[in-house]
Amino acid sequence: PTSLARREELTAYLFLAPNLIGFLLFTVLATLASLGISFTNWDLLTPPQWAGVHNYVKLWQDPTFWKVLKNTLFFTVTSVPLTVALGLVLALGLNRKMRGTAWLRSAYFVPVVTSSFVIALVWRWLYNPDYGMMNYLLRLIGITGPNWLTSQKWAMTAVVIVSVWKGCGYAMVLFLAGLQSISDQIYEAGSIDGTNSWQRFRYLTIPLLTPTTFFVSIISLIGSFQVFDSVSALTDGGPADATRPLVMYIVDNAFTYLSMGYGAALAWVLFAIVFVITLVQWRLQRHWVHYE
């Protein structure tokens with residue numbers, strides 16, 4: 001039996017080996033290498049030169065860094081609450097047995113699995129100031145629509161709208177799973193106690209959904225700090241860096257300006273920001289997340 005167990009264990013490790021090796025080489029080793037690179041000056045063409053903390057000092061004195069960080073924070077504080085709220089509303093509306101529910105769920109989830117660049121093509125047409133649907137609807141109520149993607153005032157709002165539209169389907173699926181995991185007996189007990197629909201939602205559904213809400217919030221927040229493809233396809237960070245997020249600035253420094261050391265330093269600062277915010281949320285969950 002011992003020999004058989006050892007052979008089975010060896011077989012398991014052989015099957016796991018490709019993924020483990022890939023994870024170690026392309027994730028763990030690459031992450032540690034980027035930390036070392038952040039302390040160097042490296043243009044990808046010549047050997048890296050040790051620079052100490054120069055890249056981190058340069059970062060604090062870089063006005064573009066603060067601008068793209070502000071853009072990223074604005075995107076996060078607007079898109080995340082809207083995505084979570086809209087996902088919850090959709091889940092509540094589709095958490096019932098009626099004709100067409102399955103089709104509607106699929107329709108709302110399609111944007112999640114659709115290429116961001118395909119979505120951007122559609123929304124660029126919708127945002128067209130002359131013949132786009134957005135400004136056409138505004139004109140119907142007597143409002144002159146803006147140049148959505150070329151206005152420094154409205155470009156980030158346009159990006160947020162697209163992001164929420166694309167991401168709310170994923171939040172909806174998670175909230176649907178959370179709603180369907182709530183026992184009907186809990187609602188029956190509430191009805192016996194004389195609660196109405198609003199009271200059941202306020203005092204039963206919302207507290208029992210807090211673990212799902214916490215998970216959706218964390219996932220949405222991390223994703224918002226990593227936003228890149230939708231911005232690249234819609235505005236390419238313009239106009240005048242009005243929609244340029246921190247990830248795009250990292251990519252530009254590393255692969256466009258060939259300043260790999262500075263790009264790596266920016267990436268580690270981004271990691272530190274996301275880590276701290278996630279840690280704070282994790283610590284605060286004990287005050288509002290309720291587990292059965």
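The values are calculated or read from the model by the stated rules, or taken from the named source; none is laboratory data. Keep in mind that this is a model prediction, so the values were computed, not measured. Cβ sites come from the backbone with ideal geometry, for glycine too, and all protein chains shown count toward neighbours. For accessibility, only protein heavy atoms count, side chains too; no ligands or nucleic acids. Shrake-Rupley method; radii C 1.70, N 1.55, O 1.52, S 1.80 Å.
When the solvent-accessible area of the range 162-220 is split by element, carbon and sulfur atoms take up 59 percent of it, the probe being 1.4 Å. For the range 66-106, the residues whose backbone nitrogen is under 20 Å from a point 7 Å from the Cα of Glu188, taken along Cα to Cβ, are 96-97.
Potential lengthening of the chain between Thr144 and Phe117 amounts to 7.0 nm, from the contour at 0.36 nm per residue minus the alpha-carbon distance.
Among all helices in the chain defined by DSSP H, which have a length of 24 Å or more along the axis from Cα atoms plus a Kyte-Doolittle mean of at least 1.6? Kindly include the intermediate steps, with their values, before the conclusion.
Values: long enough: 2-23 (30 Å, 0.43); 63-94 (46 Å, 1.34); 155-180 (38 Å, 1.57); 260-284 (36 Å, 1.72).
Those that clear 24 Å and a mean of 1.6 are 260-284.
Whole Å is fine, so just give me how far the alpha carbon centre of the range 1-68 lies from that of the range 120-140. Each part reduced to its Cα centre gives a spacing of 43 Å.
Quick check of the Kirkwood formula: for the range 228-288, what is the inverse mean of 1/r over all pairs of different Cα atoms, in Å?
13.1 Å
Evaluate the range 81-159: find the radius of gyration of its Cα atoms, find its Kirkwood radius, and give the ratio Rg to Rh. So for the range 81-159, dividing Rg by the Kirkwood Rh gives 1.06.
Electrostatic bookkeeping for Pro245 treats Lys and Arg as +1 and Asp and Glu as -1; over the other residues with beta carbon under 12 Å from its beta carbon, the sum is -1. Restricting attention to the chain, the count of lysine pairs at 8 or more positions apart or across chains with alpha carbons under 30 Å apart stands at 9.
Of the chymotrypsin sites (Phe, Trp or Tyr not before Pro) found in the range 133-231, those that fall in a DSSP loop while having at most 15 other beta-carbon atoms within 10 Å are Phe228. Each helix, a run of at least 4 DSSP H residues, gives -39500 (n - 2.57); summed and divided by the residues of the chain, these come to -21000 deg cm²/dmol at 222 nm.
Calculated on C-alpha atoms, the gyration radius of the range 1-111 divided by its Kirkwood radius gives an Rg/Rh of 1.23. Once backbone amide H atoms are built at 1.01 Å from N, Thr40 has Ala51 as its partners under 5 Å, excluding neighbours fewer than 5 places away on the same chain.
In whole percents, the pair-distance distribution calculated for the range 181-280 from its alpha-carbon pairs, binned every 5 Å from zero, is 2, 11, 14, 14, 12, 9, 7, 7, 7, 7, 5, 3, 1, 0. Largest GNM mean-square fluctuation across Asp241, Asp193, Asp229, computed for the chain with C-alpha springs under 10 Å, falls on Asp193.
With contacts taken as Cα pairs under 8 Å and at least 6 residues apart, the range 175-292 reaches a relative contact order of 26 percent. Full extension of the chain segment joining Val110 with Gln49 gains 17.2 nm, where the gain is 0.36 nm per residue of separation less the Cα-Cα distance. With all protein chains kept in place, the per residue accessible area of the range 63-122 amounts to 60 square angstrom at a probe of 1.4 angstrom. One Cα centroid belongs to the range 238-255, the other to the range 146-190; the line between them spans 26 Å.
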